[in-house]
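Each remark here refers to the structure printed beneath this line.
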Amino acid sequence: MSRAPLRILFAVTAIALAGSTAPAVARSMESGDADVLQHATPAVVNFAIWKMRPPLKAGDPSRRVKTYGSGFIIDPTGIIVTNKHVIDGALSVTVLFSDGNHAEGKVVAAAAMTDLAVVKVNVDRPLPVLAWGDSDTLRVGEAVLSIGNPLGIGMSVSAGIVSALNRDLQDTPFDNYIQTDAAINHGNSGGPLVNRLGEVIGVDTSLYNTDPNGGFIGIGFAIPAASAKFVVNLLLDPSHPKAGWLGVTLQDLTTDLAEALGVRGARGAIIVAIDPNSPADRASLRPGDVLEQVSDEPIGDARAFQRAVVMTGVGKSVQLTTWRDGKKQLVSATVAEWPNLMPGGGVMSDDMAQAMLAKPPDPGLGLATITDAARRQYDLDQMLTGVLVTSVDTDCEASDLGMAAGDVITLVQGAPAATPADVERALMQAHEQHRPFIALLVRGKGGLRWISLSTGRVGT
């Protein structure tokens, strides 16, 4: 399968399919749920993660943004499971525990082919843990609870049922998602979906909404515990084998397609596309070829083929039984390592981070001096002095901090701000001195408040 970005709930649009946008109605919380949550919630964590957003276009500066996610502890020494997309490109990871404490997290490993990652914290005490449940015995209609950090507001719980099983979102070879109506929103990524015993039967990963900026409408998806446990155990093994890859995009072979291609009775997958310079490309495979067996093992569908390749050792040769122009043939291909979107399994490397951080900071703010017209437009007091905020980019730290057009920056690092250059100069000086934040006193609709704005540096 080609490496297409996962349709995820965290900072990326959800599954773009047609459907109702009516509010979702899940099951109500029941008395037994409170007992489950008393045990489960202490083992769930929230993440506050600083990332560097790449430039939107050539010449633009990179921007430091704060994102949120969820995870759960599986070992008392501080081993935490989350989604890969939660930590992709992370510059720093802060783990927030349910008791209000926090610790610095270190990304141990991230899976190349599934949306899973492992984070480690070092603390001076054993941590509460969640056990894996048996997702293979799940039935549609079973009660579940979702725990996480929706929209970054803090630990929250929602109740629902298993709506469907083995959903194929066409993202990874292991696609067999649990569908649930327990509320999953942006920020729930990586949190646990637990059963009535408080066991993890899924890892919350994505939601469905036809609106790219919309929230939960009753359809969410979780990676089954069986798949998650298998991948996490590999990630925790320093010598675990790399995922195998051939570079083909596939779809299931239907009866009608088999008849049209002259391979009536064949089962398997048909090639939709070939990645350039991939093992499949070098093996001269092409769209329209039907794949029936991998090393003499029959395959039932496209996902079965991908799973067989993923579990084949990198560098090994496989014999593919294929049909082309109504004729069966054998094709040899050498399995390569599944490619990552970013070196280090999606984690920002030190060199990459330093290169991005070396660029001048961009706060995402439009700034101007206060004019009479601006005072009338924003109903500003005639005696108010400072620097006017004329615009705030939607995807920037200042927006997350609640800054808006019409705010006035009155002090920067305790000194009066009279012109946009005063703010820009303070940002640049702090950046050059490796100070991670500057303090702004801002007057907005809610009155005066102090804001710590990032300079693009992480730590001292």
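The values are calculated or read from the model by the stated rules, or taken from the named source; none is laboratory data. Predicted, not measured: the structure shown is a model, and the values here were computed from it. Backbone-built Cβ (ideal geometry, glycine too); neighbour counts: all protein chains shown.
Of all the numbered requirements in (1) surrounded by fewer than 18 Cβ atoms within 10 Å (Cβ to Cβ); (2) in a loop (DSSP other than H, G, I, E, B), GLU104 misses one, and that requirement is (2). You will find that of THR321, THR255, the residue that is among the polar types (S, T, N, Q) and at pLDDT 90 or above is THR321 and no other. The residues of the range 248-274 that are among the β-branched types (Val, Ile, Thr) and more than 18 Å from VAL294 (Cα to Cα), listed by number, are THR254, THR255.
For LEU151, the conditions (1) modelled with pLDDT under 80; (2) closer than 18 Å to ALA225 by Cα; (3) not in a strand (DSSP E or B) all hold with the exception of (2).
Set side by side, the residues LYS57, LYS66 differ, and just one is within 16 Å of the chain's Cα centre (by Cα), more than 28 Å from PRO238 (Cα to Cα) and surrounded by fewer than 17 Cβ atoms within 10 Å (Cβ to Cβ), which is LYS66.
Residues in the range 208-240 that are surrounded by fewer than 16 Cβ atoms within 10 Å (Cβ to Cβ), under 24 Å from VAL144 (Cβ atoms) and at pLDDT 80 or above: PHE230, ASN233. Being under 19 Å from GLU337 (Cα atoms) and surrounded by fewer than 22 Cβ atoms within 10 Å (Cβ to Cβ) is the filter here; which residues of the range 280-293 pass it? Result: ASP281, ARG282, ALA283, SER284.
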